[in-house]
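Input: a single structure, listed below in structure tokens.
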Amino acid sequence: MTDRELERRANRRLAVLRHVEEVSGNVAATCRYYGISRQCYYGWLRRFEADGLDGLKDRSSRPHHSPRVTLAARLAALPTPGAAVEALREAAPRPSAAGGCEVHRTTRPNRPPEEVLPVHRDR
């Protein structure tokens with residue numbers, strides 16, 4: 001959408017706000033006349049009072065935050081394969097073990113410490 005179209009829409013919204021103040025004085029009648037809801041009118045009024053004419057321009061409907069985005073979607077949005085690898089490393093860091101890597105003992109908690117076998121990984 002061009003800047004000219006955004007200005008045109010903002011001016012139409014401003015005309016609706018002015019119609020209530022200068023012509024009818026009745027929000028419900030003006031909203032019926034223009035075919036908008038009162039909720040929409042009051043939203044425009046709140047934005048106009050806060051930001052002026054710029055507040056009446058269309059805004060992005062993109063969410064600020066996506067809590068359910070998957071790791072695959074985040075990786076697809078990364079620019080390079082190297083960035084994807086770094087994101088994977090941040091998402092699932094390797095566990096650090098004091099004195100080297102060990103087999104996790106929670107699966108067999110009664111196993112004596114001398115029977116815990118070391119795990120060798122290629123890094």
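Nothing in this text is a laboratory measurement; each read-out follows from the coordinates by a stated rule. From a predicted model like this one, the values you see are computed outputs, not experimental measurements. Please note: Cβ atoms are built from the backbone with ideal geometry, for glycine as well, and neighbour counts cover all protein chains shown.
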- Whole-Hz ³J(HN,Hα) from phi, Karplus 6.51 cos²θ - 1.76 cosθ + 1.60, for the stretch 35-45, glycine and proline x: x, 10, 8, 5, 4, 4, 4, 5, x, 5, 4
- Message: Per 0.36 nm of contour for each residue apart, how much would the distance between Ala50 and Asn26 grow if the chain were fully extended, relative to their Cα-Cα spacing?
- Response: 6.5 nm
- Arrange the peptides 63-74, 31-42, 1-12 so that the one whose residues have, on average, the most other Cβ atoms within 10 Å appears first. 31-42, 1-12, 63-74
